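Some notes on the structure that comes next.
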Amino acid sequence: VVPILEKHCYGCHGRASGLNLQAVETMLVGGRKAGPAVIAGRPNVSPLIKYVRGDLQPRMPKDGEPLTDAQIDTLRAWIVWGMKDDSPE
């Protein structure tokens, strides 16, 4: 999941933005516009998925190529399985 977010999301949604996607904790806080970016176990109602699919506008990444179906499936599976952060500390 991190490589997808690093490549497509962190440029705009990092520490200095209204929505920080760099840690699970900040995703759960979310942004001003849509609230929490992810809802554990519920990818279809998670704004992150809705934005990358284009269900909510603007489609993300806003100024980049849309994510592939495989990338979206990876994000969906991660949300289904509880968004475990297994990155090294």
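Note on Ser17 and Ala70: their simple-model spin labels are 2.4 nm apart, each label 7 Å out from Cα toward Cβ. The residues of the chain expose, per residue, 64 Å² of accessible area to a 1.4 Å probe.
Computed with every protein chain present, the accessible area of Thr26 is close to 50 Å² [probe 1.4 Å].
Ordered from highest to lowest accessible area with the whole protein assembly present and a 1.4 Å probe, Ser87, Ser46 read as Ser87, Ser46. Remark: the Cα gyration tensor places the chain in the rounded category, a/c being less than 1.5.
Computed in the context of the full set of protein chains, the accessible area of the chain at 1.4 Å probe radius has 54% of its extent on carbon or sulfur. Distance between the modelled labels on Asp63 and Lys7, one decimal in nanometres: 2.0 nm (7 Å Cα→Cβ projection). Measuring with a 1.4 angstrom probe and ignoring ligands and nucleic acids, Glu6 comes out at about 110 Å² accessible. Note: relative contact order over the chain, using C-alpha pairs below 8 Å and six or more positions apart, is 22 percent. Taking amide H as placed 1.01 Å from N in the peptide plane, the amide H of Gly31 sits under 5 Å from that of Ala37, each at least 5 places away or on another chain. Over the chain, dividing the summed -39,500 (n - 2.57) contributions of all DSSP H runs of at least 4 residues by the number of residues returns a 222 nm mean residue ellipticity of -9500 deg cm²/dmol.
The values are calculated or read from the model by the stated rules, or taken from the named source; none is laboratory data. Being a predicted model, the structure only gives us computed values, none of them experimental. Don't worry about glycine lacking a Cβ; one is built from the backbone with ideal geometry, like all the others, and counts go over all protein chains shown. What goes into the accessible areas is simple: the full protein's heavy atoms, side chains included, and nothing from ligands, DNA or RNA. Shrake-Rupley method; radii C 1.70, N 1.55, O 1.52, S 1.80 Å.
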